[in-house]
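Here the structure is laid out as C-alpha cells; the discussion comes afterwards.
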Amino acid sequence: MHSIGGLMKKDFLLIRRFIWLLAIYAVVFSGIMQKENHTLIYSLFPGLLLILGISSDSQRSAQQFLVSLPVPRNRLVLSKYLSSLILVVAAVLIATGMNFASDLLYGHPVHLDLMLIVGTFLSMVVFMSIYLPFFYWLGLKGFQVVNVVMMIAIMVANGVMTSLLTASDFRFLQDRFLEQPGLSWIFLILLTLLVSVISYLISCRAFRTRDL
C-alpha cells in the first residue's frame with residue numbers, strides 16, 4: 001500500500017504545473033464572473049481538473065518507467081483511480097467555495113445546493129469511470145483524442161444540465177426524489193460504486209494486456 005501512496009503523490013506533484021490555469025478557470029467559470037449561472041463551474045471545472053490529473057503522466061517515457069517499477073499493474077491502475085477520486089472531491093469543494101465567495105462578494109444570501117454538489121460528485125465519478133478505461137485501452141497514441149472527446153462531452157453535459165435544471169419535468173422528478181431522499185441517495189451511491197468497480201476491472205484488464 002505504500003507504493004500506492006507514492007504513485008498518488010506523483011499525480012498530485014505533476015498537476016502542480018497547471019495550478020495557474022486551474023485558478024484562472026475557477027474564477028472565470030464561477031459565480032464571480034458568471035453571475036447568472038452558478039452551476040457552470042460545477043459541470044466544467046471538475047472535468048478539467050480530472051482530465052489534467054489523469055493525463056499528467058501520459059508521456060511514453062513516464063509510462064515505461066512506471067511499468068518497470070516492482071509494482072503490479074493493477075496497483076498502478078488503482079492509484080490512478082484513487083488520485084482521480086481525490087481530485088474530484090477537491091474540485092467539488094473548490095467549486096462550492098468559489099460560489100460561496102461570489103455570494104459574499106455580491107451580498108447575496110449564501111446558498112448551499114446539496115443536491116447539485118452531491119450530484120456533481122456522483123456524475124464526475126461516473127465520468128471518471130468512463131474516461132479511465134478508454135485511457136488505458138487506447139494508450140498513449142489515443143489519449144489526445146480521448147481528451148478532446150471528453151471535453152466536448154463535458155460541454156454538452158453542461159448544456160443538458162442547464163436545460164434540465166430549468167425544465168418542469170426535472171423539477172417533478174426532483175420532488176419525487178426528495179420524497180424518500182435516504183433510499184434515493186443509497187441507490188445512487190451503490191450504483192455509482194458498482195460502475196466504478198466495473199470500470200476498474202476493465203481498466204486493469206486493458207492495461208495488463210497492453211505492451212508499452
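Candidates are the residues of the range 47-88 that are out of contact with any helix residue (DSSP H, G or I) (no Cβ under 7 Å at 6 or more places or on another chain) and without any contact (Cβ under 8 Å) to a residue 40 or more places away in the chain; the one that is least open to solvent (accessible area, probe 1.4 Å) is Ala62. Considering each residue of the range 28-39, count those that are at pLDDT 70 or above and open to solvent by less than 20 Å² (accessible area, probe 1.4 Å), and give that number. Residues meeting the conditions: 1. Scanning the range 92-127 for residues that are of a type in the set (D, E, K, R) and within 23 Å of Ile186 (Cβ to Cβ) returns a single hit, Asp113. All of Leu194, Leu201, Leu188 fail the test of being assigned to a helix (DSSP H, G or I), at pLDDT 65 or above and touching a Gly at 6+ places or on another chain (Cβ under 9 Å), apart from Leu188.
Listed here are the residues, each with its yes/no results for (1) modelled with pLDDT of 85 or more; (2) in contact with a Gly (Cβ under 9 Å, 6 or more places away or on another chain); (3) not β-branched (Val, Ile, Thr).
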| site | (1), (2), (3) |
| --- | --- |
| Tyr81 | yes, no, yes |
| Val92 | yes, no, no |
| Asp103 | no, yes, yes |
| His111 | no, no, yes |
| Met115 | no, no, yes |
| Val118 | no, no, no |
| Val125 | yes, no, no |
| Gly139 | no, no, yes |
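Contact map, the range 1-28: first residue closer than 18 Å to Ile54 by Cα and without any contact (Cβ under 8 Å) to a residue 60 or more places away in the chain, second residue assigned to a helix (DSSP H, G or I) and open to solvent by 50 Å² or more (accessible area, probe 1.4 Å), Cβ cut-off under 9 Å, separation 6 or more or different chains; pairs are Leu22/Ile94.
The values are calculated or read from the model by the stated rules, or taken from the named source; none is laboratory data. All values reported here derive from a predicted model rather than from experimental measurement. Here Cβ is always computed from backbone atoms with ideal geometry, including for glycine, and neighbour counts include all displayed protein chains. SASA here: full protein model, heavy atoms, side chains in, ligands and nucleic acids out. Shrake-Rupley method; radii C 1.70, N 1.55, O 1.52, S 1.80 Å.
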